[in-house]
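Participant: My questions all concern the structure below.
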Amino acid sequence: MLADRLSKIKPSPTIAVSNMAAEMKAAGQDVIGLGAGEPDFDTPEHIKAAAQQAMQDGKTKYTAVDGIAELKQAVVDKFQRENNITCTRDMVTIGTGGKQVLYNALMATLNPGDEVIIPAPYWVSYPDMVLLAEGTPVTVSCTEADEFKLTAAALEAAITPKTKWLMLNSPSNPTGSGYSFAELEALAEVLRRHTHVHVMVDDMYEHLVYDSFEFATMAQVAPDLQPRILTINGVSKSFCMTGWRIGYATGDKALIKAIAKIQSQSTSNPNSIAQWAAVAALNGPLDFMADNLVHFAARRQLVTSRLNQIEGINCFIPHGAFYVYPSVAGLIGRKTPDGNIIETDSDFVTYLLESQGVATVQGTAFGLAPHFRISYATSTEALEDAMDRITTACNALS
Ligand code: GLU
């Protein structure tokens, strides 16, 4: 009954963990969910009001498949204002989340055997989306010594005549590591020598950066490469709008048209009301973000300091996003009170869930083990409780 392509992929592990934690909670179990990558803050009121107004005004019909002109214009203005990227409305597409834009772009461009370079650790869906589009994911391991970032030398070594795309995600899901302007410039130098390689940039966590880290994106760093870059972003994380499902991108006109062609035969337009809400988000005030960032920064501090106090855990201090990606290399080989040996990060994550009711995601899902991902986009009380529980679980290992 099922198609062969299903056997190539797995269900999204981040969504699987979130669903499992929600089900356990609904069944009355004491679970702290640190799996889902979504802000616990509500969507700002002015954005909700715009959605209500859109409904009142009857903006409830089909729209252009790849988005209303008003939202495309808001995206054009955002790229110019915040990223110094110049584009026009016909270089912009709107999708049902950044996820759909990524998927459509891969479906629109990959032929069987085309390679996509994916620096690991990566967001769980990149390799599986490439496989669904009949491409070949080429993962390049990026170590903590390099702050989990792709170096120019590693990029150079991974490029072959079949390379179609390089995926870049900064700040990163799952590590929170971000590329500096200079690091992107070094990658751009390599890309200038390989004119057949395109770059798919996922900037979903752009506004969530800490300390003195300055966000930069490839099309801003290397405007000469802009025709080869698809810059993807969305309102989900920065504007606390995960459920509204609005993502967008700018790229070459022909690619933008091809993405719309795929969308026209699958989902049609993204939700019309959510599009109007996204117009209000992009054109509106950003002061709520600064407030949210104060909370996220305090939680980052709490989580990294508590984790680094645990013997056997080593946690990189991220530049952005709301994830940490600690190594559990120091715990591998230890024994749980039930007599099970922790052989992998999946064993560790299972142990945390079963012994302490803390739901996290195994590093194996993100392509670099032995690590695990914690989303700290949850209340400070829940995080404090979770850190106590993780400490108890680790101290109980022998
Ligand atoms: N991007 C979020 C995460 O990594 C949401 C879930 C998903 O689509 O993977 O947790």
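The values are calculated or read from the model by the stated rules, or taken from the named source; none is laboratory data. Just so we're clear, the structure is a prediction, and the values are computed from it rather than from any experiment. Cβ coordinates were reconstructed from backbone atoms using ideal geometry, including for glycine residues, and neighbour counts include every protein chain displayed. Ligands, DNA and RNA are excluded from the accessible area calculation, which covers all protein heavy atoms including side chains. Shrake-Rupley method; radii C 1.70, N 1.55, O 1.52, S 1.80 Å.
Participant: Where the only charges are on Cβ atoms (+1 Lys, Arg; -1 Asp, Glu), what is the dipole of the stretch 110-201 about its Cα centre, to the nearest 20 debye?
Facilitator: Charge dipole of the stretch 110-201: 220 debye, to the nearest 20.
Participant: First compute the accessible area of the stretch 149-192 with a 1.4 Å probe, then give the percent of it belonging to carbon and sulfur atoms.
Facilitator: The C+S portion of the solvent-accessible surface of the stretch 149-192 is 68 percent.
Participant: Towards the positive end of the charge dipole of the stretch 127-273, with charges on Cβ (+1 Lys, Arg; -1 Asp, Glu), say which of A145, W165, S268 has the farthest Cα.
Facilitator: Going by the Cα projections, it comes out as S268.
Participant: Please list the equivalent ellipsoid semi-axes of the stretch 314-369, computed as the square roots of five times the alpha-carbon gyration tensor eigenvalues, in descending order and whole angstrom.
Facilitator: 21, 12, 10
Participant: Quick one: with all protein chains in place, what share of the accessible area of the stretch 293-398 is carbon or sulfur, to the nearest percent (1.4 Å probe)?
Facilitator: 48
Participant: Here's another thing I want to ask about it. Can you give the accessible area per residue of the chain, in Å², using a 1.4 Å probe?
Facilitator: The answer is 41 Å² per residue.
Participant: For every other residue with a beta carbon closer than 13 angstrom to the beta carbon of D347, add +1 if it is Lys or Arg and -1 if Asp or Glu, then tell me the sum.
Facilitator: Working: positive: R334, K335; negative: D338, E343, D345, E354.
It works out to a net charge of -2.
Participant: In the stretch 44-123, which trypsin sites (Lys or Arg not before Pro) are in a loop and have at most 14 other Cβ atoms within 10 Å, using DSSP for the loop call?
Facilitator: Within the stretch 44-123, the qualifying trypsin sites (Lys or Arg not before Pro) (loop, at most 14 other Cβ atoms within 10 Å) are K61.
Participant: I would also like to ask the following. Given bins 5 angstrom wide, list per bin the percent of all Cα-Cα distances in the stretch 284-382, short to long.
Facilitator: 2, 12, 20, 24, 17, 11, 6, 4, 2, 1, 0, 0
Participant: Another one. Quick one: dipole size for the stretch 175-256, taken about the Cα centre, charges +1 on Lys/Arg Cβ and -1 on Asp/Glu Cβ, in debye to the nearest 20.
Facilitator: 380
Participant: For q values of 0.13, 0.19, 0.23 Å⁻¹, compute log₁₀ I(q)/I(0) with the Debye formula on a Cα-only model of the stretch 1-81, without solvent.
Facilitator: These q points yield log10 I(q)/I(0) values of -0.86, -0.98, -1.04.
Participant: For the chain, count all C-alpha to C-alpha pairs, find those more than 40 Å apart, and express that count as a whole percent of the total.
Facilitator: 15
Participant: With the full set of protein chains in place, find how many percent of the accessible area of the stretch 20-67 is carbon and sulfur; take the probe as 1.4 Å.
Facilitator: 51
Participant: What Kirkwood radius, in Å to one decimal, follows from the Cα pairs of the stretch 144-256?
Facilitator: Computed over Cα pairs of the stretch 144-256, the Kirkwood hydrodynamic radius comes out at 14.8 Å.
Participant: The stretch 1-50 to the stretch 118-183: how many Å between their Cα centroids?
Facilitator: 24
Participant: A follow-up question, please. Per 10 Å bin from zero, what fraction in whole % of the C-alpha pairs of the stretch 1-139 is there, up to the bin with the longest pair?
Facilitator: Taking all Cα pairs of the stretch 1-139, the binned fractions are 9, 24, 31, 28, 8, 0 percent.
Participant: Here's a follow-up. Can you compute the charge dipole magnitude of the chain about its Cα centre, using +1 on each Lys and Arg Cβ and -1 on each Asp and Glu Cβ, nothing else charged? Give it in debye, rounded to the nearest 20.
Facilitator: For this selection, approximately 1120 debye.
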